[in-house]
Amino acid sequence: REMELDLRRAFASSEFELHYQPLIDVASDKISGFEALLRWPHPEKGMISPAEFIPLAEEIGLIVPLGEWVLRDACNEAAKWPSEIKVAVNLSPVQFRSRNLVQVVISALANSGLAPKRLELEITESVFLAETEANLAILHQLRELGVSISLDDFGTGYSSLSYLRSFPFDKIKIDRSFVKDLAKRSDCGAIVRAISGLGRSLNITTTAEGVETTEQLDWLRAEGCNEVQGFLFSGARPAAEVGQLLFRFG
Ligand code: G
Ligand code: G
Ligand code: MN
Ligand code: NA
């Protein structure tokens with residue numbers, strides 16, 4: 001498979017980059033952190049989206065070393081930022097199968113000097129679909145390190161509510177599909193309102209993804225959503241631009 005070889009070659013020659021998208025605290029209107037998002041600037045094909053290469057990287061197991069690189073690079077980068085700014089890193093369920101995930105996180109924190117409370121790990125509910133007990137044990141070990149755990153793409157799966165009962169998540173990220181039609185569809189509004197209320201009752205931070213308009217932002221603020229992320233502020237930008245983003249939205 002051509003793409004498989006290409007992925008392995010790209011990893012071996014350090015072709016991947018992390019870009020950073022701001023997370024904005026609604027109450028203060030300031031950046032509270034950045035989500036690290038993988039980018040593959042392909043020498044011939046141009047920028048390739050993670051949506052295209054992560055499924056293959058998971059299939060061939062490359063996501064384990066690639067995910068380790070992501071963790072280390074994101075922690076090293078965040079260690080240079082002001083100390084109140086956090087970094088969020090996406091974890092693949094395949095990384096949980098590798099069995100040394102906790103050691104990799106400990107090592108990434110120790111080598112970078114990043115305080116554990118500044119690292120947020122984002123998982124999707126697919127982490128619970130197989131090896132639920134083993135993965136829950138890993139999540140508890142991670143949380144004991146002092147890092148926080150976010151449930152990503154919330155609302156898009158099958159039974160998200162049951163996962164809130166099985167693990168004390170620090171944050172819920174409301175999938176952008178609900179934010180998209182906030183103004184147009186009352187059902188999306190009702191769903192976002194319900195998730196915000198749920199977060200408030202359970203003492204879990206709520207972050208809305210895919211915020212593109214001030215209308216959406218006003219609506220989310222009124223509903224008590226804690227944090228927003230989206231093109232209204234900025235898409236993911238190279239690490240070198242984090243300073244400028246902090247200047248604009250800091
Ligand atoms: O940035 P973008 O919207 O193109 O990301 C597409 C998808 O790829 C998102 O679902 C995002 O969670 C995922 N993704 C981006 N970076 C990483 C990463 O470092 N690790 C994993 N496992 N997924 C990532
Ligand atoms: O699944 P995850 O939430 O980790 O992926 C984030 C994805 O959402 C990235 O691919 C990122 O580029 C994309 N994204 C971020 N902000 C916006 C936005 O405001 N609108 C849209 N359509 N996509 C966004
Ligand atoms: Mn995410
Ligand atoms: Na998401």
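Against the chain, whose longest principal axis is taken from its Cα atoms, helix 2-12 shows a tilt of about 90°. Compared with the dominant Cα axis of the chain, that is its longest principal axis, helix 101-112 is turned about 90°. Distance from the Cα centre of the range 19-49 to that of the range 196-250, in angstrom? Rounded to whole Å, the Cα centres lie 13 Å apart.
Could you put M47, M3 in order, starting from the residue whose Cβ has the fewest other Cβ atoms within 10 Å?
Ordered from fewest to most neighbouring Cβ atoms within 10 Å, M47, M3 come out as M47, M3.
What list do you get for H19, H42 if you sort them by fewest beta carbons within 10 Å?
H42, H19
The Cβ shell under 13 Å around P238 holds other residues with a net charge of -2, Lys and Arg each +1, Asp and Glu each -1. On a 0 to 90 degree scale, rounded to 10, what angle separates helix 186-202 from the longest Cα axis of the chain? The angle comes out at about 80 degrees. Of the options T206, G67, A57, report the single residue whose Cα projects farthest towards the positive end of the charge dipole of the chain (beta-carbon charges: Lys, Arg +1; Asp, Glu -1). My answer, from the dipole projection, is T206. A cut-off under 15 angstrom between Cβ atoms defines the neighbours of L182, and their net charge, with Lys, Arg +1 and Asp, Glu -1, is -2. Ellipsoid semi-axes for the range 86-127, based on the Cα gyration tensor and the rule √(5λ), read 19, 13, 6 Å when sorted largest first.
Would you mind checking the pairs K45/K184; K30/K184; K45/K171; K80/K171; K80/K184 and listing those with alpha carbons more than 31 angstrom apart?
Over 31 Å Cα-Cα: K45/K184; K45/K171; K80/K184.
Other residues within the sphere of radius under 9 Å centred on the Cβ of G224, judged by their own Cβ, net out at +2 (K and R +1, D and E -1). Magnitude of the charge dipole for the range 67-167, about its Cα centre and with charges confined to Cβ atoms of Lys, Arg (+1) and Asp, Glu (-1), is about 260 debye. On a per residue basis, the convex hull of the C-alpha atoms belonging to the range 142-243 measures out at 122 Å³. Cβ-Cβ distance of K117 and S162, R₀ of 22 Å, FRET efficiency by 1/(1 + (r/R0)^6): the value works out to about 0.20. Approximating the spin labels as points 7 Å out from Cα along Cα→Cβ, the F231-to-E44 distance works out to 3.0 nm. Rg ratio for the chain: its Cα radius of gyration over 2.2 N^0.38 Å, N being its residue count, equals 0.99.
Only the coordinates and a few stated rules stand behind these numbers; no lab work does. These numbers come from a predicted model, not from an experiment. Cβ sites come from the backbone with ideal geometry, for glycine too, and all protein chains shown count toward neighbours.
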